[in-house]
Amino acid sequence: MEIKRNISLAQYTTLKIGGAAKFFCEVKDEKEIMEALEFARKKKVPVFVLGGGSNILMSDKGFDGAVMKIKDSRLNTRGSSIECGSGVLLSKIVSESIKSGLTGLEWAAGIPGTAGGAVRGNAGAFGGEMAETIESVKVIDMNDLGFRVYDSTECGFEYRDSIFKKNYNLIIISAVLKLKKGKKEEGEKKAKEIIRQRKEAQPFDFPSSGSFFKNPICKNKELIEEYKKDTGKQAKDKVIPAGYIIDVLGLRGKKIGGAMVSQHHGNFLVNTGKATAEDFIILSAIIKTRARNEYGVQLQEEVQRVGF
């Protein structure tokens, strides 16, 4: 394992922005993860674990510590279970599950992140989420460098949240997913349809971090009725898509510096070229202020700010 210095992080994030990491390394197994953590302890610097680089807003100043990019690509299928290292791309897990005649992950087709990031943020789309498939998660606790396995009931999964997201000291090493037996042809068809819908609705013309805001609970009855009238859909549990709220605020195309609200989807903030993290922070603040002032809605960022 090689520890590098002053490595630009923009190349490792899907938003393509961010300053340099004081220290940077790629780790492919538990032994190298332990080595990296011990290095950080000796240097007395904080650690940030990097997966696929989506759902991250990296500071223009970079990260004054050690960034550890996990490249653990272990992937094993046993019966209806899949054990995967946290560095495995979610798209690869979806592909392997379908090849093995398993169903339950098709909703994740086309998502660019890794298994570790998906578990940590309880990623979800098209009515599915990671919490539905997790059997167990193995972690290293940075506080004592000890290993622990959490079963699904201990993971504290909530909407785009988990115990791992709340506790930065817990580094996800691997996970076991429990799926169901299905038909390969049906899985392929469903995954292709999900990818088609994703390409149709989401922007691919500029770099983005994925969905920028969580879908909020809305107490504004007029907005709920407007949403039902416009889309023909009920606001389940009073949750309205953040993208819809941004649209009715007339903010598609709103631009600050190189950061812009996508013309294709209101909940995607994109880098039109040479954007800074500060551009995204200002644009996000404008959106949140307008949503609060005009509809009484508190938008929360789904992206994680790093290095601020």
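Every read-out reported here was derived from the displayed coordinates using simple, explicitly stated rules and does not represent laboratory data. This is a predicted model, so every value here is computed, not measured. Every residue, glycine among them, receives a Cβ derived from its backbone with ideal geometry; neighbour counts consider all protein chains shown.
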Virtual paramagnetic centre 7 Å along Cα→Cβ of Lys92, amide N under 13 Å, in segment 166-192: none
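FRET efficiency for Asn293 and Lys255, Cβ-Cβ distance as r, R0 = 22 Å, nearest 0.05?
According to the calculation, E is roughly 0.60.
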The chain: most fluctuating residue of Met260, Met130, Met34 per GNM, C-alpha cutoff 10 Å: Met34
Within the chain, helix-based [θ] at 222 nm, where runs of 4 or more DSSP H residues each add -39,500 (n - 2.57), nearest 500: -9000 deg cm²/dmol
For segment 263-274, Karplus couplings with θ = phi - 60° (6.51, -1.76, 1.60), whole Hz, Gly/Pro x: 6, 8, 7, x, 9, 10, 9, 10, 9, 7, x, 6
Proximal lysines to Lys43, defined as alpha-carbon separation beneath 16 angstrom and excluding residues fewer than eight positions away on the same chain: Lys4, Lys22
Nonlocal amide H pairs with Val67, under 5 Å, H built at 1.01 Å: Phe23, Phe24, Cys25, Phe48
Per-selection metrics, segment 75-187 (Cα): Rg and Dmax in Å: 13.4, 46
Entries of Lys16/Lys61; Lys254/Lys274; Lys92/Lys192; Lys44/Lys165 with Cα pairs more than 19 Å apart: Lys44/Lys165
Cα-based shape type of segment 1-106, given that a ≥ b ≥ c are square roots of the gyration tensor eigenvalues and the cut on a/c is 1.5: oblate
Projected label distance in nm at Lys219 and Thr153, using a 7 Å step from Cα toward the beta-carbon: 3.4 nm
Bins of 10 Å, starting at 0 and running to the largest distance - Cα pair percent for the chain: 6, 26, 33, 26, 9, 1
Calculated diffusion of segment 143-236, Stokes-Einstein form, Kirkwood radius summed over Cα pairs, 10 °C and 1.306 mPa s, µm²/s: 87 µm²/s
q = 0.10, 0.14, 0.18, 0.23 Å⁻¹, segment 204-306: log10 I(q)/I(0) [Debye, one scatterer per Cα]: -0.26, -0.50, -0.81, -1.22
